[in-house]
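Participant: Shown below is the structure under consideration.
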């Protein structure tokens, strides 16, 4: 019998991406779709590509059918939504995967710092759940996702940068304080809600950096890099940019090579770090890789290099922000939590072109 | 045991699209990839998104391994390639599916007319195979694809327009000679080969009509509409256009309503014609449909309408030119020819956005 | 001394386009910028490309400086704004150019029909001004724009279709009731305000038809075609579509050729109709024209053809929706009203690519 | 009487961009268009947007009319074309502006290094002209462009990065060897010639880094930064990337702040360096700037910042690669060489959106 999943926030890009993936998953069925807006209509009215594949009616959060026990509940919701009701879901026997920052920090102080940076209330509403939570980037090997009750699904920029810098942090390949992440994202990372910045005419033929005064992903990235490095603090310079594409994040990760570190050591360290990780592939700089090559898949393609002329590490990380950067990672975490093979439902390439 | 497929023309968009689909098909395996260029390298070197999914080496056409018996052979090749070697493949026991115009006309005179319009030699090189061939658009119900030895896979514009006008032609809903197909295609329809017209800066922020002096798809479309209408001749005005998107064809099909035909009769006729056809969905004009909703799927979404104020039929047909317009139809035809369920390997929505 | 212009609705695309043009006009200066939102800031804060070229502060409509006499006042505003205050501007000596439907019909009944179709109050608020108004498409030669006190600047689709069909209507080249306009627009035609349909991820890689149940431009188009044809009524089938580009409208205009009309007569009629019209150029179907070739200019490029095989007129009309479709036409009308050469400030090509 | 200009390489993007600009220049006329391909046709056949504005026939290089004396000759040609015939043009009295690397280094050894990196013959064919040449980036204040006989027009990436790092190099704001330029360019930088990498379907929805093994612009950038810094050598890490836009370069320039350098000092240094430079504008990180805001203009918009938390300089440089990155700089250099005001013909904003 299939496991039963509920998706809260079914109407957004994070919800629809997960719906598409669960439709292909042999072990889990979509049992309940919940959203705040556009309720009472089949999801296939909102997303006509789903017609006939998934015609479930979207329910409001307080619908009785939404309060049944489920095996897994996904919160594809803004910050501070999941933390309000995760306990109820746990009590009914579910495992919880939350897309927001609510469970990315298993430490109230780190949460408070993160929340403060983005103008949120800094008090976590369910601190008692934090010890039950894990950070959902399995490739880091930091937390035990399989046994966690709650997983904080990572942010899309964080996935991109952490996969690009984790081996460097773990093995001290670069000098402290020298890390830079220059990140280019497609527009879908901003979600489904219309906004002047993401209006087609404002965005087409436009490339821009934004939130230069501070970005919430830095806290998440720095916390994990510090853990990997065994340090209290790990600072990076982070420059988020938007490019006129719908999907994809390309992050150029730089850092000054530590004394004596060679190009060969760098490549060896990255290769080792991701050995047996099914979704990360290492490429040589002679191979032409772009975000189109991971579009629609849960993979991260890393072009690993060290510019020996200038003494710089340069790793280029390519993901699909809606897959490995969001719904794909969520499914991967679900597989680990429910005991399915890690790649189940994620075992196919995207479509090209 | 899985059936074994060979793809000739594996390096183009038609080949890679089919490769992606066959990787998901439970009953058929990719046994051989053949191309003229870039041979001797894994296909995943040419298309890095396939790395690990399909790393077969691309063989030249004369490689010994390419001359084994296969269950099905796809010619994703230009005109007049398949007709040269299809007989050999049949002799080794294969069924053949050809993407070009070579087997779209089971009549040498029609072929000659088609070939002449596009400047090709008008002599079919394998006329003895024509009686064994069928036109590969199952929704028309014209030919017996399941029993054909060779299927001429339809052109992408033809799929789009034929699905949009077939019920009108079959049921004489519109006046003779009044049909117009105003078709907008994404750029991938032109294939993988670079060209001044499809160079990114020439194409971005540009919409243009082309080949206004005549277009090869008209012959194919008119032949089938005439068959549906039971007429000798069925003329349409056809205006191909390119829009700055990679995938998708949106065709607006018009025709003057025959005397007495009502809007209700039109909708009824379309609904009936495509009843039980798994890949065609009929929509009302109140539902907002775009090419994005069929991107990546084998579906055709039809918005069916009649403008009673002006007495015009208006049907808007949406397909993904690389799926229902090419590789998806090829897989659908393969399923019918090899006895698999028609939707096998095509049973999922695309990704949105 | 330069004439002084006021722009009401300065913050939208229609306002900024006019600002760009007036900055280049030797005879007119921007004296006042008015908007409802984002007031109190320099326009160059809202549109940073104007920095140093135009740093005027945007005023609210009721600012005292906005109530001075101006030589020309542009209402780049939604329907039913201009009609409320045009009389005041006239009283202070200004000529008025309104971008909305308020002054496109110099007949209250036509206005009521138009307004009703788009759900507006059908009562014109300034019917006494209608006799002073003209329809602002000089190429039609229907109204005396130079002497009008008020010009109703035409809608972008209307410009595109009217230039494509005017000679056919005037010279009865096509049969009554057979005209079809299949129109593809870039997204900027929808204006600056964000909207779910024009959100980048929803629009990129998407082509769709919309408002199939009725579109306000039809009334405007039909009124003018009827006038050209000397008929009471002139019906067209109109299909608006959006393509993933910022600028440009490509309209395919069809109609059944009247008995005996030849291709040569069609080309001759179009050539004659637009002889000496500086902004319309006629092209042969052998010349590859796209919307990119009019991007940034006030021109309309017409590809004129008749498909003798099917007996159809086919004219493809290309404009930049923000130039000839909006601000460019407004400047052209201003030139005629204020006695400047018609092409002043519009005498340059756009930039390619 | 107007000065007379000849453009060699008139058929490419660099040539057509200059043609558009010269058409607006009050002091210079286009006297001769030369190209290798598509000769014998009016330039407006190749670029239909120029119809009526510039219908001159494109001549082959050896046409007699192309060997007359001109006041200025532009070589919008690949490397090693201009150096072959520049001497002849000088002998006939012309000033020369060359778009390639031929005259960007007034030192044969630097040229040899540059040429070697990109696989060219390292011997300069006209070393006697080098002392007559200047590097054409007036904002650097390094060379006397006004008095030079030949100007080497800078590369587009070089313009972007040099304007972003010049003050830092001149005033030693950052530590030696720490400079990084992470550069994103639109596709038109690759020119008009079709290529598999710039084929629309390969490029749309794709972002990729390229030429990671070495890029010719580094030599050009490092030479000028070294001159500004008064050093023999100045190394930067350079990562060129392509984004799916036609125009625009956004470069993120980083460097470790030298001990004691404050954010205020950085902003002051940049402001001072570009004081009175008409085409460079400095912005604060709170102002949202993107490449769309310089599209079509000759400006460079710099967002100047220092991340004091990490001790990094971060300057974001925005240009239109075909304007300040190519034809616009060429016109600016021409103005300086021929004694016109520096901004003549460049004194207008681009069009938005």
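The values are calculated or read from the model by the stated rules, or taken from the named source; none is laboratory data. Note that the structure is predicted; figures quoted are calculated from it, not measured. Virtual Cβ from ideal backbone geometry, glycine too; neighbours counted across all protein chains shown.
Participant: Would you check which residues across region D:45-55 are part of a loop (DSSP other than H, G, I, E, B) and either at the interface with another protein chain (Cβ under 8 Å from one of its Cβ atoms) or buried (at least 17 other Cβ atoms within 10 Å of the Cβ) (or both) and list them?
Facilitator: Narrowing region D:45-55 to residues part of a loop (DSSP other than H, G, I, E, B): D:47, D:51-55.
Passing the criteria: D:47, D:51, D:52, D:53, D:54.
Listed here are the residues, each with its yes/no results for (1) at pLDDT 95 or above; (2) under 19 Å from the mean Cα position of the chain (by Cα); (3) more than 10 Å from chain A (Cβ to nearest Cβ).
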{"position": "D:245", "(1), (2), (3)": "yes, yes, no"}
{"position": "D:249", "(1), (2), (3)": "yes, yes, no"}
{"position": "D:266", "(1), (2), (3)": "yes, no, yes"}
{"position": "D:299", "(1), (2), (3)": "yes, yes, yes"}
{"position": "D:313", "(1), (2), (3)": "yes, no, no"}
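Participant: Do the conditions hold for residue A:348, that is, is it within 13 Å of another protein chain (Cβ to nearest Cβ), buried (at least 22 other Cβ atoms within 10 Å of the Cβ) and within 30 Å of residue D:201 (Cβ to Cβ)? Explain how you work it out, then say what you get.
Facilitator: Details: within 13 Å of another protein chain (Cβ to nearest Cβ): yes; buried (at least 22 other Cβ atoms within 10 Å of the Cβ): no; within 30 Å of residue D:201 (Cβ to Cβ): yes.
Considered against the rule, which asks whether it is within 13 Å of another protein chain (Cβ to nearest Cβ), buried (at least 22 other Cβ atoms within 10 Å of the Cβ) and within 30 Å of residue D:201 (Cβ to Cβ), residue A:348 comes out as no.
Participant: Answer yes or no as to whether residue C:317 is over 20 Å from residue C:171 (Cα atoms), under 20 Å from the mean Cα position of the chain (by Cα) and more than 10 Å from chain B (Cβ to nearest Cβ). Working first, answer last.
Facilitator: Values: over 20 Å from residue C:171 (Cα atoms): no; under 20 Å from the mean Cα position of the chain (by Cα): yes; more than 10 Å from chain B (Cβ to nearest Cβ): yes.
In short, no.
Participant: Select from region C:251-264 the residues that are touching a residue at least 12 places away in the same chain (Cβ under 8 Å), more than 9 Å from chain B (Cβ to nearest Cβ) and either in a loop (DSSP other than H, G, I, E, B) or over 21 Å from residue C:158 (Cβ atoms) (or both) and list them in ascending order. Steps first, answer last, please.
Facilitator: Residues of region C:251-264 that are touching a residue at least 12 places away in the same chain (Cβ under 8 Å), as a first pass: C:251-258, C:261-263.
Next, only the ones that are more than 9 Å from chain B (Cβ to nearest Cβ) stay: C:251, C:253, C:255, C:257-258, C:261-263.
Answer for region C:251-264, where residues must be touching a residue at least 12 places away in the same chain (Cβ under 8 Å), more than 9 Å from chain B (Cβ to nearest Cβ) and either in a loop (DSSP other than H, G, I, E, B) or over 21 Å from residue C:158 (Cβ atoms) (or both): C:257, C:258, C:261, C:262, C:263.
Participant: Among the residues of region A:1-44, count how many are more than 18 Å from residue A:331 (Cα to Cα), touching a residue at least 24 places away in the same chain (Cβ under 8 Å) and assigned to a helix (DSSP H, G or I).
Facilitator: So the answer is 1.
Participant: Taking the options C:247, C:211, name whichever one is in contact with a strand residue (DSSP E or B) (Cβ under 8 Å, 6 or more places away or on another chain) and assigned to a loop (DSSP other than H, G, I, E, B). Let's see the steps before the verdict.
Facilitator: Working: C:247 fails: in contact with a strand residue (DSSP E or B) (Cβ under 8 Å, 6 or more places away or on another chain).
Sole residue among the options that is in contact with a strand residue (DSSP E or B) (Cβ under 8 Å, 6 or more places away or on another chain) and assigned to a loop (DSSP other than H, G, I, E, B): C:211.
Participant: Given the structure, is residue B:322 under 12 Å from residue B:159 (Cβ atoms) and within 11 Å of another protein chain (Cβ to nearest Cβ)?
Facilitator: Working: under 12 Å from residue B:159 (Cβ atoms): yes; within 11 Å of another protein chain (Cβ to nearest Cβ): yes.
The answer is yes for residue B:322.
Participant: Being within 11 Å of chain C (Cβ to nearest Cβ) and touching a strand residue (DSSP E or B) at 6+ places or on another chain (Cβ under 7 Å) is the filter here, so list the residues in region B:301-311 that pass it.
Facilitator: B:301, B:303, B:304, B:305, B:306, B:307, B:310, B:311
Residue by residue, here is whether (1) at negative phi; (2) without any contact (Cβ under 8 Å) to a residue 24 or more places away in the chain; (3) in a strand (DSSP E or B) holds:
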residue: A:239; (1), (2), (3): yes, no, yes
residue: A:269; (1), (2), (3): yes, no, no
residue: A:282; (1), (2), (3): yes, yes, yes
residue: A:306; (1), (2), (3): yes, no, yes
residue: A:310; (1), (2), (3): yes, yes, no
residue: A:321; (1), (2), (3): yes, no, no
residue: A:344; (1), (2), (3): yes, no, no
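Participant: Still on this model: Regarding region C:12-32, can at least one residue be identified that is under 21 Å from residue C:193 (Cβ atoms), more than 14 Å from chain D (Cβ to nearest Cβ) and modelled with pLDDT of 95 or more?
Facilitator: Of all residues in region C:12-32, those under 21 Å from residue C:193 (Cβ atoms) come to C:12-20.
Next, only the ones that are more than 14 Å from chain D (Cβ to nearest Cβ) stay: none.
Taking every residue of region C:12-32 in turn, none turns out to be under 21 Å from residue C:193 (Cβ atoms), more than 14 Å from chain D (Cβ to nearest Cβ) and modelled with pLDDT of 95 or more.
Participant: Go through the residues of region D:217-225 one by one and say whether even a single one is touching a residue at least 12 places away in the same chain (Cβ under 8 Å) and within 21 Å of residue A:288 (Cβ to Cβ). Can you show your working first?
Facilitator: Our first condition is that a residue be touching a residue at least 12 places away in the same chain (Cβ under 8 Å); within region D:217-225, this holds for D:217-225.
Pick out the ones that are also within 21 Å of residue A:288 (Cβ to Cβ) and you get D:217-218.
Within region D:217-225, one or more residues are touching a residue at least 12 places away in the same chain (Cβ under 8 Å) and within 21 Å of residue A:288 (Cβ to Cβ).
Participant: Looking at residue D:180, is it touching a residue at least 40 places away in the same chain (Cβ under 8 Å), touching a helix residue (DSSP H, G or I) at 6+ places or on another chain (Cβ under 9 Å), within 14 Å of chain A (Cβ to nearest Cβ) and under 26 Å from residue A:175 (Cβ atoms)?
Facilitator: On the way: touching a residue at least 40 places away in the same chain (Cβ under 8 Å): yes; touching a helix residue (DSSP H, G or I) at 6+ places or on another chain (Cβ under 9 Å): no; within 14 Å of chain A (Cβ to nearest Cβ): yes; under 26 Å from residue A:175 (Cβ atoms): yes.
Taking the combined requirement at face value, the residue does not satisfy it.
Participant: Follow-up question, since we're still on this one. It is to be established whether one or more residues within region C:202-212 are away from chain B (no Cβ under 13 Å) and modelled with pLDDT under 95.
Facilitator: Restricting attention to region C:202-212, the residues satisfying the condition of being away from chain B (no Cβ under 13 Å) are none.
No, because not a single residue in region C:202-212 is away from chain B (no Cβ under 13 Å) and modelled with pLDDT under 95.
Participant: Identify all residues within region D:325-342 that are crowded, with 22+ Cβ neighbours inside 10 Å and either within 14 Å of chain C (Cβ to nearest Cβ) or in a loop (DSSP other than H, G, I, E, B) (or both); write none if there are none.
Facilitator: Within region D:325-342, D:325, D:326, D:327, D:328, D:331 meet the criteria.
Participant: Against the definition (within 9 Å of another protein chain (Cβ to nearest Cβ) and within 19 Å of the chain's Cα centre (by Cα)), how does residue B:216 come out, yes or no?
Facilitator: Values: within 9 Å of another protein chain (Cβ to nearest Cβ): no; within 19 Å of the chain's Cα centre (by Cα): yes.
No: the conditions fail for residue B:216.
Participant: Which one of these does residue C:279 not meet: (1) within 11 Å of another protein chain (Cβ to nearest Cβ); (2) within 30 Å of residue B:236 (Cα to Cα)?
Facilitator: Failed condition: (2).
Participant: Does residue D:59 meet the test of being in contact with a helix residue (DSSP H, G or I) (Cβ under 6 Å, 6 or more places away or on another chain), surrounded by fewer than 22 Cβ atoms within 10 Å (Cβ to Cβ) and over 24 Å from residue D:332 (Cβ atoms)? Don't jump to the end; show me each part of the working.
Facilitator: Working: in contact with a helix residue (DSSP H, G or I) (Cβ under 6 Å, 6 or more places away or on another chain): yes; surrounded by fewer than 22 Cβ atoms within 10 Å (Cβ to Cβ): yes; over 24 Å from residue D:332 (Cβ atoms): yes.
So residue D:59 fits the description; yes.
Participant: Does region A:196-205 contain at least one residue that is within 23 Å of residue B:205 (Cβ to Cβ) and either under 17 Å from the mean Cα position of the chain (by Cα) or surrounded by fewer than 20 Cβ atoms within 10 Å (Cβ to Cβ) (or both)?
Facilitator: Scanning region A:196-205 turns up at least one residue that is within 23 Å of residue B:205 (Cβ to Cβ) and either under 17 Å from the mean Cα position of the chain (by Cα) or surrounded by fewer than 20 Cβ atoms within 10 Å (Cβ to Cβ) (or both).
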